[in-house]
Amino acid sequence: MPRYSTPMGRVQSSVIDVILKECTPSPGIEVLDVRIGPYWTVVRSSGGAGMASTMAGSFDRRTGVPVEAAGGLLDLGLGALVQLLRSSSVPEAAVGLAAVNSLTDVSGMVVADLNAREVLKDKGRDKTVAIIGRFPFVEEIRAVSRELWVFEKGAGRRADDLGPEHVAGVLPHAEVVAISATTLINHTLDDILHFISPQAFTLMLGPSTPMMPCLFDFGIDLLCGSVIEDPAAVIKAVEQGAVTRQIPSVRRVTLSRGQE
């Protein structure tokens with residue numbers, strides 16, 4: 001049974017609407033920097049710094065420009081940058097999510113330092129597991145799960161990965177579901193949430209993950225994200241092409257339902 005009774009396509013809009021409602025910048029917060037690297041995007045404001053996957057490979061340049069206001073993003077203001085999360089251009093939506101994450105303050109939350117891979121190995125042992133996005137630890141999860149389904153439609157897709165056309169038939173059978181936060185950027189989270197079993201343990205993971213308790217209202221049980229501790233060091237790495245494991249000064253944080 002689908003988790004939501006609303007028609008497919010409405011859940012995603014609702015998630016983004018709620019995120020953006022929670023992320024209204026306070027007056028006086030200024031945009032200090034926007035850096036779009038080949039793999040990661042960083043937005044730094046006077047209120048903090050946030051990052052999101054650039055996902056540049058998901059944009060077809062034949063259809064237009066990836067970032068309409070390139071060269072003028074600092075002039076838009078943080079409120080406008082946050083709204084870019086709605087953009088149909090994936091790189092623009094990445095700027096939007098990074099801006100959202102720059103406003104997320106976990107200092108008043110009960111967060112822990114849990115490894116998403118270890119959580120999945122523990123929760124997924126002898127169970128059916130679905131992972132949305134191909135992560136480096138996929139084979140470790142396969143080794144302990146009863147059955148593993150990996151959904152991937154990007155450049156890293158392998159022959160045995162499933163595509164979006166299999167979501168409706170397979171995802172309701174998963175007892176544990178791990179969702180990449182990039183599903184917020186490419187606007188695929190709607191279909192995914194719609195078909196997750198209400199009994200499944202669901203987590204969102206990756207440095208793009210918004211550490212926002214409002215996501216628990218959509219059936220997510222655990223948020224596995226990150227906090228930027230030294231924005232200058234992160235920006236330097238990102239603009240020089242760093243991948244996740246090469247980025248310094250990023251602290252792993254997790255937030256559980258009921259612990260926020």
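Worth pointing out:
- Pairs with Cβ under 7 Å, 6+ apart, first in segment 102-122 and free of Cβ contacts under 8 Å to residues at least 40 places away in the same chain, second in a helix (DSSP H, G or I) and not β-branched (Val, Ile, Thr): Arg117/Glu140; Lys121/Glu140
- The residue pairs whose first member lies in segment 72-93 and is surrounded by 18 or more Cβ atoms within 10 Å (Cβ to Cβ), whose second member is part of a helix (DSSP H, G or I) and among the acidic types (Asp, Glu), and whose beta carbons are closer than 9 Å, counting only pairs six or more residues apart or on different chains, are Leu84/Glu92; Leu85/Glu92.
- Filter pass, Asp217 being modelled with pLDDT under 95 and surrounded by fewer than 20 Cβ atoms within 10 Å (Cβ to Cβ): yes
- Residues of segment 131-144 that turn out to be out of contact with any helix residue (DSSP H, G or I) (no Cβ under 6 Å at 6 or more places or on another chain) and without any contact (Cβ under 8 Å) to a residue 24 or more places away in the chain, as a count: 6
- Qualifying residue in segment 90-106 (condition: in a helix (DSSP H, G or I) and among the hydroxyl-bearing types (Ser, Thr, Tyr)): yes
- Among the candidates Ala94, Ala99, the residue that is within 30 Å of Glu30 (Cβ to Cβ) and in contact with a Cys (Cβ under 9 Å, 6 or more places away or on another chain) is uniquely Ala99.
- Flag for Val95 being within 13 Å of the chain's Cα centre (by Cα) and in the same structural domain as Gly28 (by TED's automatic domain parsing): yes
- Evaluation of Lys127 against (1) within 23 Å of Gln246 (Cα to Cα); (2) out of contact with any helix residue (DSSP H, G or I) (no Cβ under 7 Å at 6 or more places or on another chain); (3) of a type in the set (Lys, Arg) (one fails), failing number: (1)
- Sub-7 Å Cβ pairs linking a first residue in segment 211-223 that is more than 15 Å from Ser14 (Cα to Cα) to a second residue that is among the aromatic types (Phe, Trp, Tyr), at least 6 apart or interchain, are Asp221/Phe201, ordered by first then second residue.
Okay, residues lined up against (1) modelled with pLDDT under 95; (2) of a type outside the set (S, T, N, Q):
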residue	(1), (2)
Met51	no, yes
Gly57	yes, yes
Arg61	yes, yes
Gly71	no, yes
Thr104	yes, no
Ala112	yes, yes
Val119	no, yes
Lys123	no, yes
Ile131	no, yes
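- Selection from segment 154-169 of residues that are surrounded by 15 or more Cβ atoms within 10 Å (Cβ to Cβ) and in contact (Cβ under 8 Å) with a residue 24 or more places away in the chain: Asp161, Val167
- Here Leu120 clears all of (1) of a type in the set (A, V, I, L, M, F, W, C); (2) crowded, with 20+ Cβ neighbours inside 10 Å; (3) farther than 26 Å from Ser14 by Cα; (4) more than 18 Å from the chain's Cα centre (by Cα) except the condition numbered (4).
The values are calculated or read from the model by the stated rules, or taken from the named source; none is laboratory data. What you see is a predicted model; the values in this text were computed from it and never measured. We place every Cβ from the backbone using ideal geometry, glycine too, and count neighbours over all the protein chains shown.
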